[in-house]
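Have a look at the structure below before the remarks.
We did not get these values from a lab; they are worked out from the coordinates using the rules stated. All of these numbers come straight from a predicted model, not from anything done at the bench. Because the Cβ atoms are built from the backbone with ideal geometry, glycine has one as well, and the counts that use them run over all protein chains shown.
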Amino acid sequence: MSEQDQNQAPEASQEQVEDKRLRKIRSFVKREGRLTKRQEKALTEFWPQMGLDHQANNYSLAEVFGREAKTVLEIGFGMGASLVEMATAAPETNFIGIEVHRPGVGACMADAVEAGITNLRVFEHDAVEILNDSIPDNSLDTVQLFFPDPWHKARHHKRRIVQLEFVEVLRKKLKIGGVFHMATDWENYAEHMLEVMQAAPGYSNTSETNDYVPRPEWRPLTKFENRGHRLGHGVWDLIFARES
Ligand SMILES: C[S@@+](CC[C@H](N)C(=O)[O-])C[C@H]1O[C@@H](n2cnc3c(N)ncnc32)[C@H](O)[C@@H]1O
């Protein structure tokens with residue numbers, strides 16, 4: 001993520017100011033990274049079988065996967081290595097990944113094809129819009145959000161994806177008893193997640209201590225978690241269940 005200052009330049013016209021005000025707050029800055037040949041090939045060749053487009057109506061997950069099965073949805077999978085690892089380890093489960101970074105989507109698809117898995121579908125789109133528009137209510141067993149962009153500066157905290165309104169939408173997409181699993185290596189974001197989730201109606205914290213849970217050993221190490229380790233950061237996992 002870029003740490004660029006989002007402040008309006010002093011010489012901006014009134015029109016630009018209004019345009020900026022109308023623009024939605026997003027949790028990401030789209031980086032136009034160059035695609036490798038492998039990523040490009042995967043995106044072109046395998047999109048028909050593995051890619052899902054943003055649409056205004058809900059998908060039928062049974063139709064998408066050709067079966068009824070537990071479904072895990074991951075937001076912001078980065079390059080997708082840990083998502084492919086999880087999908088490979090659980091062929092009986094359906095996995096949906098959402099990521100805006102095109103090279104990451106290409107890399108994930110290439111890895112999935114190499115692993116020979118058929119239980120993964122991906123969106124290249126804003127997860128907030130996908131949840132709102134294309135995912136049916138009461139359909140997900142797990143939503144995972146691993147190492148989301150922390151937006152360190154206080155004036156950027158509104159860009160953090162974990163906000164009351166967002167977790168309200170997400171709760172409706174979970175089945176009753178389904179879980180929202182978050183992990184971060186940024187303590188201030190962990191505290192923010194806890195605060196938002198405690199204020200959100202209809203969730204219960206699965207933590208015995210009413211805050212964080214021990215790192216589950218089945219959660220694969222992600223690229224950003226690895227980076228956090230190198231920087232000497234701690235890791236906080238939070239798992240909240242949909243109660244109502
Ligand atoms: C810090 S990276 C972490 C990637 C991966 N989960 C990991 O742990 O290695 C956060 C990722 O979330 C993606 N992202 C942020 N907001 C998103 C959104 N609203 N929809 C989809 N992807 C998003 C970014 O593009 C980025 O790749």
Just from its helices, what would the mean residue ellipticity at 222 nm be for the chain, if runs of 4 or more DSSP H residues each count -39500 (n - 2.57) and the sum is divided by every residue, rounded to the nearest 500 deg cm²/dmol? -10500 deg cm²/dmol
Quick one: Asp137, Asp111, fewest Cβ neighbours within 10 Å first, how do they rank? Asp137, Asp111
Within 10 Å, count the other beta carbons around each residue, average over each peptide in 27-34, 162-169, and list them highest first. 162-169, 27-34
With unit charges on the beta carbon (Lys/Arg positive, Asp/Glu negative), name the residue among Ala110, Ala90, Val213 whose Cα is farthest towards the positive pole of the charge dipole of the chain. Ala110
Taking the dipole about the Cα centre of the chain, with the C-beta of Lys and Arg at +1 and of Asp and Glu at -1, give me whichever of Pro150, Leu120, Thr44 is farthest to the positive side. Thr44
Listed by chain and number, the lysines with an alpha carbon less than 20 angstrom from that of Lys30, same-chain partners under 8 positions apart left out, are Lys20, Lys153, Lys158, Lys223
Quick note on Lys153, Lys70, ordering by fewest other C-beta atoms within 10 Å, gives Lys153, Lys70
Is segment 49-182 best put as rounded, prolate or oblate by its Cα gyration tensor, with a ≥ b ≥ c the root eigenvalues, rounded for a/c under 1.5, and otherwise prolate when a/b is larger than b/c, oblate when not? oblate
For the chain, what class follows from the C-alpha gyration tensor (a ≥ b ≥ c being the square roots of its eigenvalues): rounded when a/c is under 1.5, otherwise prolate if a/b is larger than b/c, else oblate? rounded
If you count, for each residue, the other Cβ atoms within 10 Å and average over each peptide, how do 120-130, 174-184, 99-109 line up from highest to lowest? 99-109, 120-130, 174-184
Compute, for the chain, the length of the dipole vector about the Cα centre, with Cβ point charges of +1 (Lys, Arg) and -1 (Asp, Glu) only. Units Debye, rounded to 20. 340 debye
Output the peptides 197-208, 231-242 sorted from most to least packed, where packing is the average of other Cβ atoms within 10 Å over each peptide's residues. 231-242, 197-208
What's the exposure ranking of Thr222, Thr71, going from fewest to most Cβ atoms within 10 Å? Thr222, Thr71
How much of the DSSP beta bridge set in the chain is antiparallel, as a percent to the nearest 5? 30 percent
